[in-house]
Structures are given as C-alpha cells and as structure tokens.
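Below is one structure, written out as structure tokens, with a few remarks after it.
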Amino acid sequence: MDEFFDKLKDGAYKAKGGAERIAKEVAKRTSNAITYTKLTFAVNEAQNKVKDIYTEIGKNMYEKYLEGETYDETFISSFEQIDKLMDEIAALNEKTAELKNTLRCPECGAHNPADADYCIKCGSQLSHEADDEFDDYEDDIDTAYDEAEAAADDGDDDDDEDVIIINAKKPE
C-alpha cells in the first residue's frame, strides 16, 4: 500500500511540476504579448506624431501657396487637388446646411438654426429674408386673386372675357 501512495505522491509532484512549467510558460508568453502590444502601440503613436508633423508642414506650405508663394510643379499639383477637394467640401457643406434648413451668417459665414436671430459664432444679427420673400409672395397671390375676383364680378353676363389666368411659381 505504501508503494501505491508513493506512486500517487510521485504523480502528484510530477503534475505539480508540469503545472508550474505550464504556468511559467503562460506567464512568459502573456508578458511577451503585453510587451509586444506596448511596443506596437508606441511605434504607432510615434508614426502618428510624424504624420501630424507632415500634415502641419503641408498645411503651412498650402497656406503660403494661397498667399502667392511659388513652389515647384510637384507641390502645385497637390495644392490644386486640395483646392478641388476644398471646393467639393464647401459645396457638400452647403447642401447639408440646406437640408438642415439653416441660416448663413452674413458676417462670418457660419450656419445657424433657422429660427435664430443672432449668429451662434460671432453674434451678428441674422436676416430672415427668405421668410420675408415668402410673405411677399403670399401677398402677391392674395392681391392677384382679389383682382381676378373683382374682374369676374363686373356685372355683365359674359364671364368668358373676364377670366384671368394666373401662373404663379413658388420662390426657390
């Protein structure tokens, strides 16, 4: 029976030793994975800083180009591409603002909610000309309608000559 317990004891020690080796290997691999991740993160962070510096250099060069400084053809081509993209962005922003039904500030160009009286960026008073134009349009329609009714009620029995055709279009 002692032999059985000795074998059991030896097996337990071997299992313990194997488990310790596995645990050490897992810890080593986990440590390596963490270190690798930290190093990869540090490399990516440094690369992003380099990209930011490149971007700043390019932005500064583009601003100088807009001020009239001359560059060789390689840069000019890139600057022209930026010009086209900036125009495209501006047009897309305008369409977005139209969809949102916003008012553009006459001073700074910022887009504001349609019911705003003052610009949210610079504080300038906003004009609601579109509302005024629509009110004028409604007044014109009412006036034309009243004139048509008055012409139709001139007292004679021949209403064919009194018909007035009104072609009204909604302002764009």
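Observations on the model:
- At full extension, residue 71 and residue 101 could sit 6.7 nm farther apart than now, given 0.36 nm per residue minus the alpha carbon distance.
- Cross-link table 49/84; 100/121; 7/28, entries beyond 23 Å C-alpha to C-alpha: 49/84; 7/28
- The label-point distance for residue 55 and residue 3, in a model that sets each label 7 Å from Cα toward Cβ, rounds to 7.7 nm.
- Residues with amide H under 5 Å from that of residue 103, placed H, sequence gap 5 or more: 112, 114
- Mean projected area of the Cα convex hull of segment 36-100, taken over all directions, amounts to 7.1 nm².
- Working note: Cα atoms of segment 70-131, range along each principal axis, descending, whole Å: 48, 22, 16.
- Projected label distance in nm at residue 23 and residue 44, using a 7 Å step from Cα toward the beta-carbon: 3.3
- Calculated translational diffusion coefficient of segment 1-137 (4 °C, 1.567 mPa s; Stokes-Einstein with Kirkwood radius over alpha-carbon pairs) equals 57 µm²/s.
None of the figures in this text is laboratory data; all of them are computed from the coordinates on show. A quick note: this is a predicted structure, and the numbers were derived from the prediction, not measured. Don't worry about glycine lacking a Cβ; one is built from the backbone with ideal geometry, like all the others, and counts go over all protein chains shown.
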